[in-house]
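To keep things clear, I will list the structure first and then write my remarks on it.
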Amino acid sequence: MSKLFEKLVLKRVTPILDARHIIPQHQFGFRHQQSTVDQVHRITAIIEQALEEKQVCATIFLDVAEAFDKVWHAGLLNKIEQLLPTEYSQLLKSYLTDRYFRVKQGEEYSDLNPVKAGVPQGSVLRPVMYLIFTSDIPQPEGGRTRTDKIGVGADTDIVFPTSKTQVCRTHRPTKSLSAPARRSVS
């Protein structure tokens, strides 16, 4: 029964996220009709274009180990409250809070401990909660005048600036990664 309910919630939440442009366009993993294979094609095309224009293109892949298990509940709940209507934010809050775990070793059990991070394993909502949590990853500044590109495929972030010089090849990725988030929610 819970999977069916989760699918219904997902069906209601996804159009809201799409209409409000919560999930960035460069996010390809866990999205309808946008796979990580599409992201690979996009990256390949950008690199090919940079090479044709005799530019240098450096690429940094940042893989988040155990990404779903490291989602900070308080941060996720704060984003959900800001981004979704109250009825959905309260529903997802009740879904994530008051969860406990314990460990069994042999015949002994540990005390119950609260789950403070991670989205529930096997949940239909797990990927969309991760996407909400990571939706405000900083973007390179400068809009059209900059050639920095960002891509996300599932739990791997990709930064790939292009430039005519090698100085920008090493400096700009570092600057892009350290920039604070400047994304606003409307």
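In region 95-112, the residues that are within 21 Å of Ser123 (Cα to Cα) and without any contact (Cβ under 8 Å) to a residue 12 or more places away in the chain form Cβ pairs under 7 Å with partners that are surrounded by 10 or more Cβ atoms within 10 Å (Cβ to Cβ) and among the aromatic types (Phe, Trp, Tyr), at six or more places apart or across chains, as follows: Arg102/Tyr109. Out of all the residues in region 89-102, which are open to solvent by 40 Å² or more (accessible area, probe 1.4 Å) and either in contact with a helix residue (DSSP H, G or I) (Cβ under 8 Å, 6 or more places away or on another chain) or not in a helix (DSSP H, G or I) (or both)? Once the filter is applied, which keeps residues that are open to solvent by 40 Å² or more (accessible area, probe 1.4 Å) and either in contact with a helix residue (DSSP H, G or I) (Cβ under 8 Å, 6 or more places away or on another chain) or not in a helix (DSSP H, G or I) (or both), region 89-102 yields Leu91, Lys93, Thr97, Asp98, Arg99, Tyr100, Phe101, Arg102. Scanning region 50-64 for residues that are over 23 Å from Tyr130 (Cα atoms) and open to solvent by less than 100 Å² (accessible area, probe 1.4 Å) yields Ala50, Glu53, Gln55, Val56, Cys57, Ala58, Thr59. In the set Ile150, Ile158, only one residue is modelled with pLDDT under 60, surrounded by 10 or more Cβ atoms within 10 Å (Cβ to Cβ) and in contact with a His (Cβ under 8 Å, 6 or more places away or on another chain); that residue is Ile150. Beta carbons closer than 9 Å, at least 6 apart along the sequence or on distinct chains, pair a first residue in region 36-53 that is over 18 Å from Pro24 (Cβ atoms) with a second that is aliphatic (A, V, I, L, M) and outside any helix (DSSP H, G or I) for Ala50/Val56.
Counting only residues that are open to solvent by 50 Å² or more (accessible area, probe 1.4 Å) and not in a helix (DSSP H, G or I), region 65-85 holds 3 of them. Against the criterion of being at pLDDT 85 or above, among the aliphatic types (A, V, I, L, M) and surrounded by 13 or more Cβ atoms within 10 Å (Cβ to Cβ), Val9 qualifies.
A count restricted to region 103-129 and to residues that are hydroxyl-bearing (Ser, Thr, Tyr) and part of a loop (DSSP other than H, G, I, E, B) stands at 2. When Tyr109 is tested against (1) surrounded by 10 or more Cβ atoms within 10 Å (Cβ to Cβ); (2) closer than 19 Å to Ala67 by Cα, exactly one condition is not met: (2).
Quick grid of which residues meet (1) more than 30 Å from Pro85 (Cβ to Cβ); (2) of a type in the set (Ser, Thr, Tyr); (3) modelled with pLDDT under 80:
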| position | (1), (2), (3) |
| --- | --- |
| Lys3 | no, no, no |
| Arg20 | no, no, no |
| His26 | no, no, yes |
| Ile43 | yes, no, yes |
| Cys57 | yes, no, yes |
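The values are calculated or read from the model by the stated rules, or taken from the named source; none is laboratory data. Computed from a predicted structure; not experimentally measured. All Cβ positions, even for glycine, are placed from backbone atoms using ideal geometry, and neighbour counts span all protein chains on display. Surface areas here come from the heavy atoms of the whole protein model, side chains and all, with no ligands, DNA or RNA. Shrake-Rupley method; radii C 1.70, N 1.55, O 1.52, S 1.80 Å.
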